[in-house]
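The values are calculated or read from the model by the stated rules, or taken from the named source; none is laboratory data. Everything numeric in this text was worked out from a predicted model, so none of it was measured. Cβ: placed from backbone, ideal geometry, glycine included. Neighbour counts: every protein chain shown.
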Amino acid sequence: MGTAAVFIESYLFPVLFLYFIYGKMQFFVLHAAQFGPAAQQLLAGHWDLSLERLAIGASATFFIIVLDVTIIYGLLVRQNLKRPPQGFQEIFVPLLGATFYLAYNFVEYLPKEMNVLMIPERFLGVTTVIGTLFNICGALVSIIASYNLRYSYAVFVQMRDIMTRGIYRHVRHPIYLGYTLSTLGFLFMLPRLSYIIVFVLSLIVTIYRARLEERKLMASPEYRQYAQKTPFLFPRFLKLS
């Protein structure tokens, strides 16, 4: 099972992420006609909610595309598999975590009561900006972490070479820190009950997934020593680890 999972991860997942990139590129295709007038509006010193949402959507989409490219790169260049995924949990839980991350594409299909804004609409501009900042910061953290990890990158739970350099000097699971910041950003952008539920469930699954990885990685004396001095999910300056 573990060998088959690694094969799928190595050859099918890059194609899947290319498909995600294609889907995200449609944002720029659909809004291409708006970018010229938006630039003229900016140069003229005008700023409104529609322009704000266009700028926010473009920046967030761009960073997500870069993240997906980084993931594909990591899946293609990784090496030195030492322990493949073993058992149902080490394959299913990462897939479940990815499902929650993609669940934001489907919340619109939930009952209307779950998609009602939980704040007055007049505050939506402010929360959208805050959410976008979280989203972009999360994407940046994940991009940097994915690049640092590139030769040991994995979706399923497995052991490759231990990474302790770069952003990994400050936190053991920076990719998941980035995901958490990004999903929190989505919640700020659209403060709805459905997004709260998805955020909480995805955070639970992400932490559980990280714990599964820890259980496998702790077999390495190098990782045990690293874990003693490096926080789990949040850097020490956030005082949450």
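In segment 122-141, the condition of being farther than 19 Å from A58 by Cα and in a helix (DSSP H, G or I) is met by at least one residue.
Kindly evaluate T206 against the criterion of being of a type outside the set (A, V, I, L, M, F, W, C), at pLDDT below 90 and under 17 Å from the mean Cα position of the chain (by Cα). Spelling it out, it is not the case that T206 is of a type outside the set (A, V, I, L, M, F, W, C), at pLDDT below 90 and under 17 Å from the mean Cα position of the chain (by Cα). Note on segment 142-172: among residues that are part of a helix (DSSP H, G or I) and among the hydrophobic types (A, V, I, L, M, F, W, C), the one that is nearest to A60 (Cα to Cα) is I143. On the stretch given as segment 189-241, residues that are in contact with a strand residue (DSSP E or B) (Cβ under 8 Å, 6 or more places away or on another chain) and aromatic (F, W, Y) total 0. For E213, state whether it is among the acidic types (D, E) and either surrounded by 20 or more Cβ atoms within 10 Å (Cβ to Cβ) or in contact with a helix residue (DSSP H, G or I) (Cβ under 9 Å, 6 or more places away or on another chain) (or both). So E213 fits the description; yes. In the set (1) farther than 25 Å from S202 by Cα; (2) surrounded by 15 or more Cβ atoms within 10 Å (Cβ to Cβ); (3) in contact with a Pro (Cβ under 7 Å, 6 or more places away or on another chain), the condition left unmet by L81 is number (3). Output yes when any residue across segment 50-71 is in a loop (DSSP other than H, G, I, E, B) and among the acidic types (D, E), and no when none is. No, there is no match, as no residue in segment 50-71 is in a loop (DSSP other than H, G, I, E, B) and among the acidic types (D, E). Could you tell me whether I175 is within 22 Å of I8 (Cβ to Cβ), in a helix (DSSP H, G or I) and either β-branched (V, I, T) or at pLDDT below 90 (or both)? So I175 fits the description; yes.
Quick check, is V6 surrounded by fewer than 13 Cβ atoms within 10 Å (Cβ to Cβ) and assigned to a helix (DSSP H, G or I)? When the stated conditions are applied, V6 does not pass them.
The requirement of being closer than 19 Å to G178 by Cα and without any contact (Cβ under 8 Å) to a residue 12 or more places away in the chain is fulfilled somewhere in segment 51-68, by at least one residue. Could you say which residue among L81, L76 is at pLDDT 80 or above, in a helix (DSSP H, G or I), hydrophobic (A, V, I, L, M, F, W, C) and closer than 30 Å to H173 by Cβ? Just one listed residue meets the conditions, L76.
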